[in-house]
Amino acid sequence: MKSLRWRLTLWFTASLLTVVAILVVSAHWHLDAELRMEKWERTHPAHPDWILHGSFTDQEVHDILGELLRFWLVVGVPVVGATLLAAYVLARQSIKPIREVNRQLERLGPATLQERIRAPDADPDVAELVGHLNALLDRLETSFAHLQDYTSQVAHELRTPLQLMRLQIETSASRLEAGLAEDLQHELARLSNYVEKALLIACAEQGRLEIRLVDFSLRAFLADVVEPFVRLAEAEGRRLRWACPANVTVRTDRDLLKQILFNLLNNALRHGTGEILLRARDRPKGVVVLVGNRRPEQKGKPGLGIGLRLVHALIQQLPQTSLATRETSYFWIRMQVPTGASLPARPRQAVSA
């Protein structure tokens, strides 16, 4: 009942029924008064010169008004139903331009900010709203383009100096303290990783990634992806458990999917506690990959969020691929990947679980 369509329907129906009720009550009251006060005169059929004088009794008045009330009820119930139906249709047609605007807004994203909202059949108020939305989209497109260009330029500018610094440290490692050289290498590697991710995000959000779709076995692919994370989890006293049916194939870009899973598992290691779960399930609409971990009770200082931003940017470039989150006792990330063609059977390999 909270939708605008139903509110308009109820307001229209209530307004019409109120007017009808006022008319009916007024007519009923006026007719009752007239019947009680009216005196009638009639001639006798057999004696035209006789004039009969009389008035309506209370019982006659009640009978007349009762018959009229029953007639109103018989006619009024269908009228109320027809009114409700007409009100719903009118309300639905009235908000049709708004529904169309909402559908167009749902299709907008970082890669489609150049599109604009169209509402040719809208009334002046909706047309004014659409004009304001398009003006807002103009500003967002300009700001987003400037931000993407700036990110890309900064990443390009930083890449070369960072590479030179890493080379200088490597060549000068013998003249530096072992701990200092190692710390510098670690920090430079971290900064280089941020730069590479920023470049990849810029390319993905601008739609400049080259997508190569291939069919491959998901189980063998996951075995390769999770291997380093199993060791990292064990080093922290944690456990990574994963499962995938042996006959599941997917059709997507291997490199981009690997990048996505690396970021999801890395976030689970950095920001989660306890064991990490990774499950793959074959469903009619595609293969579902779940990554879950427990959230710490006290969250530390948040990071830049560049990993999840990269994941969302890559997901948008892969066809028929979606990402969703769900939080229960575990924080779950649900990714759906299109199913691939069947591949020739291979010898079963032992997989850690």
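The values are calculated or read from the model by the stated rules, or taken from the named source; none is laboratory data. None of these values were measured; they are calculated from a predicted model. Note: ideal-geometry Cβ built from the backbone for every residue, glycine included; neighbour counts use all protein chains shown.
Observations
- Test for V226: is it modelled with pLDDT of 90 or more, among the β-branched types (V, I, T) and part of a strand (DSSP E or B): no
- Entry remark, the range 96-129: residues being in a helix (DSSP H, G or I) and touching a Pro at 6+ places or on another chain (Cβ under 8 Å) number 1 in total.
- Some residue of the range 270-292 being under 22 Å from R309 (Cβ atoms), in the same structural domain as Q316 (by TED's automatic domain parsing), assigned to a helix (DSSP H, G or I) and modelled with pLDDT under 90: yes
- Filtered residue count, the range 304-353, keeping only those that are within 26 Å of R190 (Cβ to Cβ), of a type in the set (V, I, T) and either in contact with a Lys or Arg (Cβ under 6 Å, 6 or more places away or on another chain) or at pLDDT below 75 (or both): 1
- Test: Q93 is modelled with pLDDT of 75 or more, loosely packed, with under 12 Cβ neighbours inside 10 Å and not in a helix (DSSP H, G or I): no
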